[in-house]
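What follows is a short report on a single structure.
Each value in this text was obtained by applying a stated rule to the coordinates, not by laboratory testing. Bear in mind that the values here come from a model prediction, so they are computed numbers and not experimental data. Positions of Cβ are backbone-derived with ideal geometry, glycine not excepted, and every protein chain shown enters the neighbour counts.
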Amino acid sequence: MATSTASGWRQEPTGRCVHCRRFTYGRAQTCRRRRCPGYAPCGRAINGEKLFENLTAYDGSVVVLAVTAPGTDALPWDEHHCLGLGAHVHSGNLGCRVVPSLAVAWSRTASDRWRRLHRRVYQSVQRHGVKPILLVRAFEKQRRGVLHVHPVLGIRTGADRHAAHLYARYLSELAQHYGFGFTERKLGSRSGKQVAGYLSSYFVTGKRRKIALQGSVTAPDMPRSIIHVSAELTQLTGVTMRELRFRRFVWFISHRTNCPVDEAREIATRAVAGTLDLTVDAFTPSPRFLAQILGRQGPPVPADCPGAALACDHHGGTGSGQ
């Protein structure tokens with residue numbers, strides 16, 4: 001059900017998420033909020049797919065830089081957290097953590113500080129007559145409990161490579177002014193596919209000093225945008241978060257109704273646009289069965305044929321589209 005508002009039509013909630021108790025819509029039992037523990041595995045997969053497909057499509061070499069949080073002078077270790085290990089050298093791999101209150105405070109402002117740092121570095125590079133090509137910016141959470149930033153730069157031409165070198169230099173010089181620590185300045189070039197595989201393995205499964213994306217996305221101090229892909233890439237590939245969620249919707253319809261993917265995409269397109277007419281038998285699944293799986297109001301049940309309507313509800317029907 002939808003209600004009219006000043007800005008248009010708004011769908012009314014139909015239930016509560018079984019995991020986080022936030023509102024859900026339609027027949028969904030799980031909400032699509034990133035921090036919902038029930039949606040986290042799906043969000044992890046979508047972020048990994050977005051990252052991989054877009055970087056793979058880039059037809060030039062790329063370089064990956066790294067910007068870390070400051071050291072123990074600003075973010076000291078929590079001595080009580082790893083007290084049971086006895087005498088040892090602190091390390092995130094051992095389970096040691098930064099003092100939680102300091103880690104949360106630093107991470108919550110990291111996104112804004114990174115935005116200002118990138119803007120200043122970008123403008124500094126532009127003064128040399130070249131522009132750096134930032135393809136991807138990805139946040140991850142290290143095991144010690146603070147964020148880590150990976151900018152990925154495209155170097156398709158000699159001018160791009162020069163811009164990347166300048167970008168890395170200014171990033172190293174200015175990072176500490178914005179509360180960051182060590183910056184990676186090695187500019188070893190790789191293909192987009194290699195970097196996509198490298199980053200996906202860290203952000204999705206978690207390796208070495210990194211926490212898996214599924215484990216970090218639900219943290220309240222994670223930035224709203226964990227992985228940003230440039231408009232240059234998304235316009236080339238068409239692979240955005242919205243498109244990937246739509247693909248999953250298409251798969252859901254195809255899987256539930258056993259109809260071809262092309263037909264499922266047409267049904268999904270009309271459903272999203274609000275033009276799906278469930279009074280017309282236009283597809284292989286019956287209008288009543290589509291209404292059932294989409295959580296919508298179906299056509300009226302014929303008074304003289306309740307048995308047929310019940311069959312349609314449970315098994316779908318054969319429409320005129322066959």
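Observations on the structure shown:
- A crude spin-label estimate for the pair R270 and S91, with each label 7 Å from Cα along the Cβ direction, gives 6.0 nm.
- ³J(HN,Hα), Karplus 6.51/-1.76/1.60, whole Hz, each residue of the range 116-123, x for Gly, Pro: 5, 5, 4, 4, 5, 5, 4, 5
- Computed magnitude of the charge dipole of the range 40-236 (debye, nearest 20; Cβ of K, R +1, Cβ of D, E -1): 260
- Dipole of the range 40-236 [Lys/Arg +1, Asp/Glu -1 at C-beta], most positive-end residue of V125, C82, G145: V125
- Taking other C-beta atoms within 10 angstrom as a stand-in for reagent exposure, T72, T24, T30 fall in the order T72, T30, T24, fewest first.
- For K141, the residues whose amide H sits under 5 Å from its own are I211, ignoring neighbours fewer than 5 places away on the same chain, with H placed 1.01 Å from N.
- Distant-in-sequence amide H partners of I133 (H built 1.01 Å from N, under 5 Å): G154
- Compared with the direct C-alpha span, the chain from Y122 to A159 gains 11.9 nm at full extension, assuming 0.36 nm per residue.
- Rounded to the nearest 20 debye, the dipole magnitude of the range 108-199 is 120 debye, with +1 charges on Lys and Arg beta carbons, -1 on Asp and Glu beta carbons, and the Cα centre as origin.
- Exposure proxy shown here: for E49, E173, E140, the number of other Cβ atoms within 10 Å sets the order, fewest to most, as E173, E49, E140.
- Here r is the Cβ-Cβ distance between F252 and D277 and R0 is 22 Å; the resulting FRET efficiency, rounded to 0.05, is 0.65.
- The length gained by stretching the chain between Y198 and A28 to full extension, at 0.36 nm per residue less their Cα-Cα distance, is 57.8 nm.
- In sequence order, the range 242-253 has phi-based couplings of 5, 5, 5, 5, 5, 4, 5, 5, 4, 4, 4, 5 Hz under the Karplus curve 6.51 cos²θ - 1.76 cosθ + 1.60, θ = phi - 60°, and Gly or Pro positions carry x.
- Distances between placed amide hydrogens fall under 5 Å for T24 paired with T14, G15, R16, C17, all partners being 5 or more residues away or on another chain.
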